[in-house]
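Undergrad: Here it is: the structure, laid out below.
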């Protein structure tokens, strides 16, 4: 299963959870942003970093990822840096969303009455 399909699966699972709608929407938005980074991720993962030197004097040196088979899909260092910054934010947002989901689960656990006959270490 590819990354796209795994993200779609998680998005579907999130929607089925009993979490607040705003938390689910925020998390799903972060997952969608992660999906938007997949083409850049694939180019980075499958092609080496390169320095392009052009014969044309009007074009400066370019650093980036330049697939051998096509100029289409090349990523300059500037674009790569922007993608990195976006990926860091997406990762942070997803971690924050997971913390919110876990906090909600813990709150629900603590609010539920203990099961009869089982010892508990909950504060009264």
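Undergrad: Is one or more of the residues making up the range 32-54 in contact with a helix residue (DSSP H, G or I) (Cβ under 6 Å, 6 or more places away or on another chain), more than 23 Å from residue 2 (Cβ to Cβ) and either modelled with pLDDT under 70 or not in a helix (DSSP H, G or I) (or both)?
TA: No: zero hits.
Undergrad: Answer yes or no as to whether residue 27 is surrounded by 13 or more Cβ atoms within 10 Å (Cβ to Cβ), within 24 Å of residue 107 (Cβ to Cβ), modelled with pLDDT under 90 and touching a helix residue (DSSP H, G or I) at 6+ places or on another chain (Cβ under 7 Å).
TA: The answer is no for residue 27.
The values are calculated or read from the model by the stated rules, or taken from the named source; none is laboratory data. Because the structure is predicted, anything quoted here is derived from the model rather than measured. Cβ atoms come from the backbone with ideal geometry, glycine included; neighbour counts cover every protein chain shown.
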